[in-house]
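Data block below; observations after.
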């Protein structure tokens, strides 16, 4: 179900669940503690990086749920893609421009998603994640990147301990971001 279906009033239960989960992930990824000098730039690239990180960790958790997890994963992706399209339209971009611009956004998302998953599966996930999440290509991973990697690993642990029914009900929690202040 896409944006058209939502506009026409058709709303599947998994899309309602996915919408709530996606917006919780989105809200967390916009926490001001992540942004600033020597942190993540508060721009298009930085925001995509953080939503991708949160999405990746959630998808890893949903992978354990078989077909129910697969349905919810796809619905969350669809919500995210619809949100990207709405954001482009709000910038005044016409339908033809949205189609042209959404492809590179999704490609960037998939590249980052693959890098995060690969890092989290590495022998030393903290180090690999810090490298994958590197916020300053000139200097390489720094303390912020290592801290962000620890945050992601903590989130994966917390979600891993959260029952599926609680995730669906949006009763899941994020690690404290005070470490970034």
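We did not get these values from a lab; they are worked out from the coordinates using the rules stated. Worth saying up front: this structure is predicted, and the values here are computed from it rather than measured. Neighbour counts are summed over all protein chains in view; Cβ atoms, including those assigned to glycine, are modelled from backbone coordinates with ideal geometry.
Taking every C-alpha pair closer than 8 Å and separated by at least 6 residues, the mean separation divided by the residue count of region 3-173 gives a relative contact order of 25 percent. Across all directions, the average flat footprint of the convex hull enclosing the Cα atoms of the chain is 10.9 nm². For the chain, adding -39500 (n - 2.57) for each run of n ≥ 4 DSSP H residues and dividing by the number of residues yields -22500 deg cm²/dmol at 222 nm. Whole angstrom only: what separates the Cα centroid of region 102-181 from the Cα centroid of region 55-95? Using only Cα atoms to place each centre, the spacing works out to 17 Å.
In this simple spin-label model, placing a label point 7 Å from the Cα along the Cα-to-Cβ direction at both residue 41 and residue 12 gives a separation of 3.8 nm. Packing, as the average of other Cβ atoms within 10 Å across residues, places the peptides 99-108, 57-66 in the order 57-66, 99-108, highest first. The modelled label-to-label distance between residue 89 and residue 162, using points 7 Å beyond Cα along the C-beta direction, is 2.9 nm.
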